[in-house]
Amino acid sequence: MPFDSLTQPTLIRVSETSQVGSVAGAVMEQLRLFRVSYLQAMGAGAVNQSIKALAKAGEFCEQEHLRLWAHHSFKRISSTTVVIMTEVRVQDA
């Protein structure tokens, strides 16, 4: 499903080499514009980076008096690989 970056957030794909601060910054930009952000991570390393980025984004939200929440869904695509899709939203604290 294509996204119009002016009216909808784009899917943020996280890899095991993604910089946590950069992902957190991208999440925050989308949360400020749309109040929602979507992340996708495949594999343990990418999931780890994704969770660390959400923790960092949560710190940014606290500074802006916002409450961050995330809903995760998991799909196993092989015996060793899991894909995690995360919907992130904010509300006023």
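The values are calculated or read from the model by the stated rules, or taken from the named source; none is laboratory data. Just so we're clear, the structure is a prediction, and the values are computed from it rather than from any experiment. Cβ coordinates were reconstructed from backbone atoms using ideal geometry, including for glycine residues, and neighbour counts include every protein chain displayed. Heavy atoms of the whole protein, side chains included, go into the accessibility calculation; ligands, DNA and RNA do not. Shrake-Rupley method; radii C 1.70, N 1.55, O 1.52, S 1.80 Å.
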Inset, instruction - Name the most mobile residue of Ser78, Ser22, Ser50, meaning the one with the largest mean-square fluctuation, in a Gaussian network model of the chain with Cα contacts below 10 Å. - result: Ser78
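At 222 nm, what helix-only mean residue ellipticity would the chain give, in deg cm²/dmol to the nearest 500, using -39500 (n - 2.57) for each DSSP H run of four or more?
Working: 2 runs with 35 residues, N = 93.
Mean residue ellipticity at 222 nm (helix-derived): -12500 deg cm²/dmol.
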Inset, instruction - Jot down the per residue volume, in cubic angstrom and as a whole number, of the convex hull over the alpha-carbon atoms of the chain. - result: 86 Å³
Inset, instruction - Can you tell me the dipole magnitude for the chain around its Cα centre, using point charges on the Cβ only (Lys, Arg +1; Asp, Glu -1), in Debye to the nearest 20? - result: 260 debye
Inset, instruction - Run the 1.4 Å probe and let me know the accessible area of Thr10, rounded to the nearest 10 Å². - result: 60 Å²
Inset, instruction - Just read off the accessible area of Leu66 with the full protein assembly in place, 1.4 Å probe, to the nearest 10 Å². - result: 30 Å²
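Assuming 0.36 nm per residue, please report the length gained on full extension of the stretch Phe34 to Gln91 beyond their Cα-Cα distance.
Numbers: separation 57, 0.36 × 57 = 20.52 nm, distance 1.14 nm.
Extra length from Phe34 to Gln91 when fully extended: 19.4 nm.
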Legend entry - Rounded accessible area of Ile51 (nearest 10 Å², 1.4 Å probe): 80 Å²
